[in-house]
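The values are calculated or read from the model by the stated rules, or taken from the named source; none is laboratory data. What you see is a predicted model; the values in this text were computed from it and never measured. Positions of Cβ are backbone-derived with ideal geometry, glycine not excepted, and every protein chain shown enters the neighbour counts. Keep in mind that these areas ignore ligands, DNA and RNA; they rest on the heavy atoms of the full protein, side chains included. Shrake-Rupley method; radii C 1.70, N 1.55, O 1.52, S 1.80 Å.
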Amino acid sequence: MRRMREESAPGARHGYIIRQMMVEDLPAVMALEQAAFKNPWSQDLLKRELQHEWSTILLVEEPREEEGPELLGLAIFWIVHDEVHVLNVATAPRHRRRGVARAVMDEVLERGRARRCTLATLEVRKSNEAALQLYRAFGFRPVGIRPNYYVDEGEDAVVMVLDF
């Protein structure tokens, strides 16, 4: 089993291409952010994340025959010391419920394990039941609430933790 995993291409076990974002991907990523969220990340914020050595932005793509790969989703996360901190997971609205977020989260956590991380953390909207279910399926557990975390809507965040 271990040998097969080492030989497979990143993301191949999900049927999607998962790769790190490059500056050239900014227009497509901005379009995805705007489609996925009421308050998307700004282009400047994304550019800054690309410059930090501790930050990674993974893109989930699906091959298309004529036009090149289509961007389906992304994850932004930090690895600092022995901790993975997930900042953002987004799936294009028309590709939701296809395992895109599951595929990218699997890759995020796999990279954390490979770096010998012991903990993963994230915040999620209290009302986002689909995301809460996904994170629970990975073994995340709620450990607290951040009141009014999403200031624009006044919504609380659930803080979740996964021990590796």
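Structure above, values below:
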{"read-out": "Residue check for Arg94: touching a helix residue (DSSP H, G or I) at 6+ places or on another chain (Cβ under 9 Å), free of Cβ contacts under 8 Å to residues at least 24 places away in the same chain and assigned to a helix (DSSP H, G or I)", "value": "yes"}
{"read-out": "Residue match in the range 93-108 (condition: over 27 Å from Glu153 (Cα atoms) and touching a His at 6+ places or on another chain (Cβ under 6 Å))", "value": "yes"}
{"read-out": "Cβ pairs under 6 Å, 6+ apart, first in the range 18-34 and in a loop (DSSP other than H, G, I, E, B), second open to solvent by less than 60 Å² (accessible area, probe 1.4 Å) and at pLDDT below 95", "value": "none"}
{"read-out": "Selection within the range 16-44 - surrounded by 13 or more Cβ atoms within 10 Å (Cβ to Cβ) and of a type in the set (A, V, I, L, M)", "value": "Ile17, Ile18, Met21, Leu26, Ala28, Val29, Met30, Ala31, Leu32, Ala35, Ala36"}
{"read-out": "Members of the range 45-55 found to be under 19 Å from Glu107 (Cα atoms) and either within 13 Å of the chain's Cα centre (by Cα) or open to solvent by less than 50 Å² (accessible area, probe 1.4 Å) (or both), listed by number", "value": "Glu49, Ser55"}
{"read-out": "Any pair with Cβ under 7 angstrom, 6 or more apart, that starts in the range 144-160 at a residue that is touching a residue at least 40 places away in the same chain (Cβ under 8 Å) and ends at one that is assigned to a loop (DSSP other than H, G, I, E, B) and of a type outside the set (Ser, Thr, Tyr)", "value": "Asp152/Asn39"}
{"read-out": "Residue satisfying all of: in the range 108-131; farther than 15 Å from Ser55 by Cβ and part of a helix (DSSP H, G or I); most open to solvent (accessible area, probe 1.4 Å) among these", "value": "Arg113"}
{"read-out": "Qualifying positions in the range 115-164 - among the hydroxyl-bearing types (Ser, Thr, Tyr) and within 22 Å of Arg97 (Cα to Cα)", "value": "Ser127, Tyr135"}
{"read-out": "Which listed residue, of Leu72, Leu58, Leu87, is within 17 Å of the chain's Cα centre (by Cα), modelled with pLDDT of 95 or more, within 22 Å of Met30 (Cα to Cα) and open to solvent by 20 Å² or more (accessible area, probe 1.4 Å)", "value": "Leu87"}
